[in-house]
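Before any comments, here is the structure.
The values are calculated or read from the model by the stated rules, or taken from the named source; none is laboratory data. The model shown is predicted, which means the values in this text are computed figures rather than measured ones. Using ideal geometry, Cβ is built from the backbone for each residue, glycine included, and neighbour counts are taken over all protein chains shown. Each accessible area value is taken on the protein alone, full model and side chains, heavy atoms only, with ligands, DNA and RNA left out. Shrake-Rupley method; radii C 1.70, N 1.55, O 1.52, S 1.80 Å.
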Amino acid sequence: MKVGVVGTGGMGNVHARQYRKMSGIELGYFERSPARGDSFRSRWDAHLCDSIEALLDWADVVDICLPTDVHPEFALKVIDAGKPLFLEKPIARTVDEAKSIIDAAKKAKVVLMIGHVVRFFPEFALGRQMVLNGAVGKPAAIRTRRGGPTPKGSSGWFMDHSRSGGVLLDLAIHDFDWLCWTFGHVKFLYSRSLGSSSGHGPDYALTTLTFESGAVAHVEATWMDPGGFRTMFDIAGSEGLLEFDSRKTPALRTVTPDSCVLEPSVAPHEDPYYLELSAFLSAAQKGAPVPITGEDGLTALKLSLAALESAKTGLVVAP
């Protein structure tokens with residue numbers, strides 16, 4: 001299978017590393033920056049396509065790892081060419097753009113998967129499964145934290161919130177997706193963000209979500225932690241507590257009134273990005289449903305945009 005990667009920055013290289021672990025994969029790419037393209041080609045022994053049209057002629061499937069604001073332009077070209085598409089999160093910068101991508105894929109009957117990779121991280125996958133299995137009883141309060149230093153990105157695009165959406169759209173969206181996947185629909189939310197008023201620069205945000213079930217989640221997202229990247233979650237319910245902290249806990253810890261148990265890691269030898277991209281390729285080969293749909297991406301996007309609206313207006317917002 002020929003995999004064409006569009007965009008050879010940070011995430012393009014993360015994905016290429018996983019494709020190189022797979023057998024039967026030829027790797028190609030399109031990149032507007034000659035310097036980044038040359039580095040990518042030499043690092044991953046990838047085939048150079050000098051235009052997006054050339055890549056679409058060459059590739060069997062396409063993986064878009066570009067800044068969020070240009071997703072529609074390239075995604076629609078891939079779909080128009082009839083190629084299965086893996087599209088990094090967020091699906092798009094606006095709801096209308098996301099809907100145009102989803103509608104085009106449905107009309108063309110093209111496989112479309114959105115890159116919400118947190119679902120494939122073992123601790124988050126296990127945490128969700130334990131919640132569904134009743135490990136904490138009825139969930140009541142959830143806390144997540146995600147972030148690290150300020151991301152760079154080509155031409156500093158992350159710091160231009162009109163392009164990236166800031167930390168709520170680019171980073172907190174991971175946890176919004178996981179929370180919806182695990183706890184269901186959000187009734188309303190309230191958010192505060194440092195970058196929502198300025199629209200540029202480093203960002204930090206706090207968001208409180210109330211679910212239709214009555215559970216409440218507190219989501220912290222930051223681009224302003226010089227101590228390195230960190231993820232965590234706590235899930236408190238009527239029967240116990242689940243805890244994970246990437247800095248403190250080597251595995252998932254379950255606390256109940258009677259015990260404290262460390263859960264073993266799930267498939268430690270398999271990278272979450274490897275699992276994610278393998279699932280996409282399998283769906284593309286078989287024409288099967290993908291684990292993360294365009295609609296899933298749209299749901300997470302709507303939550304991020306609602307959080308941005310709340311942060312700007314100071315009001316509670318119903319997504």
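Rounded to the nearest 10 degrees, the angle from helix 10-19 to the longest Cα principal axis of the chain is 80 degrees.
Listed values for the range 142-154 are Karplus-derived 3J(HN,Hα) couplings in whole Hz (6.51 cos²θ - 1.76 cosθ + 1.60, θ = phi - 60°), namely 10, 10, 10, 9, 8, x, x, x, 5, x, 8, x, 5, and x replaces Gly and Pro. The charge dipole of the chain, taken about the Cα centre with unit charges on the Cβ atoms of Lys, Arg (+1) and Asp, Glu (-1), comes to about 120 debye, rounded to the nearest 20.
Grab the DSSP H runs of the chain that are 4 residues or longer, score each as -39,500 (n - 2.57), total them, divide by all residues and round the 222 nm result to the nearest 500 deg cm²/dmol. Kindly include the intermediate steps, with their values, before the conclusion.
Numbers: 11 runs with 119 residues, N = 319.
Result for the chain, helices only: -11000 deg cm²/dmol.
Charge dipole (Cα centre; +1 on Lys/Arg Cβ, -1 on Asp/Glu Cβ; no other charges) of the range 66-119 amounts to roughly 280 debye.
How would you order 87-93, 33-39, 134-140 from highest to lowest mean count of nearby Cβ atoms within 10 Å?
Values: 87-93: 26.3, 33-39: 13.3, 134-140: 17.1.
Packing order, densest peptide first, comes out as 87-93, 134-140, 33-39.
For the chain, state what percent of all Cα-Cα pairs lands in each successive 20 Å bin, counting from 0 Å until the bin that includes the largest distance. Going from the shortest bin to the longest, the percentages are 32, 59, 9, 0. Per atom type, the chain shows carbon and sulfur on 53% of its accessible surface, probed at 1.4 Å.
Principal-axis analysis of the Cα atoms of the chain puts helix 122-132 at an angle of about 50° to the longest axis. Of all beta bridges that DSSP places with both ends in the chain, some 60 percent have antiparallel geometry.
Pairs of Lys residues in the range 5-118 are counted when their Cα atoms are under 26 angstrom apart and they lie 8 or more places apart or on different chains; the count is 17. Highest average first, the peptides 216-225, 232-241 ordered by how many other beta carbon atoms sit within 10 Å of their residues are 216-225, 232-241. Expressed as an acute angle from 0 to 90° and rounded to the nearest 10, what is the orientation of the C-alpha long axis of helix 95-108 relative to the principal long axis of the chain? Long axis of 95-108 versus the principal axis of the chain: about 60 degrees. Solvent-accessible area per residue in the chain equals 43 Å², computed with a 1.4 angstrom probe and all protein chains kept. In the Gaussian network model of the chain, springs joining C-alpha atoms below 10 Å, which of Lys77, Lys248, Lys99 carries the largest mean-square fluctuation? Per the Cα network of the chain with a 10 Å cutoff, Lys248 tops the list. Judged by the mean number of other Cβ atoms found within 10 Å, the most tightly packed of the peptides 65-75, 169-179 leads the ranking 169-179, 65-75. The H on the amide N of Gly115, modeled in the peptide plane, is under 5 Å from the matching H of Leu87, Glu88, Lys89, each at least 5 residues off or on a different chain.
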